Amino acid sequence: MTACSLEAKRLFHSFAGTGEVLRGVSFALEAGCVLAVLGPSGSGKSTLLHLLGGLATPTSGQVLWGGQTLAGNSQEQLSKRRAKEVGFVFQHHYLLEDLNTLENVLLPSLIGNQKDEARAKLLLERVGLLERAKAYPKTLSGGERQRTALARALVTKPQFVLADEPTGSLDKKNAELVFTLLVELAHLEQAAVVIVTHDENLAQKADRIIRLEDGMIVE
Ligand SMILES: Nc1ncnc2c1ncn2[C@@H]1O[C@H](COP(=O)(O)OP(=O)(O)OP(=O)(O)O)[C@@H](O)[C@H]1O
Ligand SMILES: [Mg+2]
């Protein structure tokens, strides 16, 4: 059996002054699969994504990438691996205001020294923003910024894509376009994709769904 691409093993997490925000979350996601994470506000979805991406260390339990635990990696090792292997779409999308749309999308590929303008443009086209490639973030709508952040997360062809409500500020048509793009890329490029969403209908397009409630998988 091949190693599962992305695995959570009995993850518990608490912050200073909070009770347990995650209480024993386990699942394994193979390469090429899309997992939708549903659950009410405060149930621990963003926290789970941060742990899966190695942005925070669980209080107990383990995250495995390609069958290997992240525990024991130094911060420096982790950030190097993250830059290469993980595409993050944060709930609050941060674009650099001094870079135009195309430059924002290209940025992660510059860090890895693999500038790929053709892919950046292809992704901008897929999210419907190629004609805004030279526009600056302050001239983009919230949804356009969100779609730019998604293209940026995908530019390095990451093995893992972790998307926190990537369709939150999009209308129905663009939400479907973005969700479909993530599903297609997962299947085509064999990425393991985790999408947090509040949209039950979109979640049905994923290969698997988990529901979080009070830090536990209830389904
Ligand atoms: N840095 C932090 N310090 C203290 N508590 C935190 C921190 N981050 C999150 N929490 C708390 O942990 C719980 C889970 O937060 P989380 O952001 O994971 O929820 P969520 O499911 O993503 O919610 P939403 O749907 O509103 O985005 C919440 O009660 C939140 O207040
Ligand atoms: Mg959240």
(message) Where the second residue is open to solvent by less than 50 Å² (accessible area, probe 1.4 Å) and part of a loop (DSSP other than H, G, I, E, B) and the first is over 9 Å from N100 (Cα atoms) and of a type in the set (D, E) and lies in the range 132-152, which pairs have Cβ atoms under 8 Å and are six or more apart or on separate chains?
(response) E144/L129
(request) Go through the range 164-188 and count every residue that is touching a residue at least 60 places away in the same chain (Cβ under 8 Å) and closer than 23 Å to G67 by Cβ. (result) 2
(request) Look at F88 and say whether it is within 16 Å of ligand 1 (Cβ to nearest atom) and in contact (Cβ under 8 Å) with a residue 24 or more places away in the chain. (result) yes
(request) Mind checking which strands (runs of 3 or more DSSP E) fall wholly inside the range 1-115 and carry at least 2 residues that are open to solvent by 40 Å² or more (accessible area, probe 1.4 Å)? (result) 6-14, 20-29, 60-65
(message) Looking at the range 128-159 only, could you name the residues that are open to solvent by 70 Å² or more (accessible area, probe 1.4 Å), outside any loop (DSSP other than H, G, I, E, B) and of a type outside the set (D, E, K, R)?
(response) T139
(message) I'd like the full set of residues that are of a type in the set (S, T, Y) and more than 13 Å from ligand 1 (Cβ to nearest atom), limited to the range 15-56.
(response) S26
(request) Looking only at the range 191-202, count how many residues are outside any strand (DSSP E or B), away from ligand 2 (no atom under 15 Å from the Cβ) and open to solvent by less than 60 Å² (accessible area, probe 1.4 Å). (result) 2
(request) Return a yes/no flag: does the range 167-184 have any residue that is among the aromatic types (F, W, Y), at pLDDT 90 or above and either part of a helix (DSSP H, G or I) or open to solvent by 70 Å² or more (accessible area, probe 1.4 Å) (or both). (result) yes
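The values are calculated or read from the model by the stated rules, or taken from the named source; none is laboratory data. Only a predicted model underlies this, so the values are computations on that prediction, with no experimental measurement involved. Note that we place each Cβ from the backbone using ideal geometry, even for glycine, and neighbour counts take in every protein chain shown. Just so you know, the surface numbers come from the protein's heavy atoms only, side chains and all, with ligands and any DNA or RNA stripped out. Shrake-Rupley method; radii C 1.70, N 1.55, O 1.52, S 1.80 Å.
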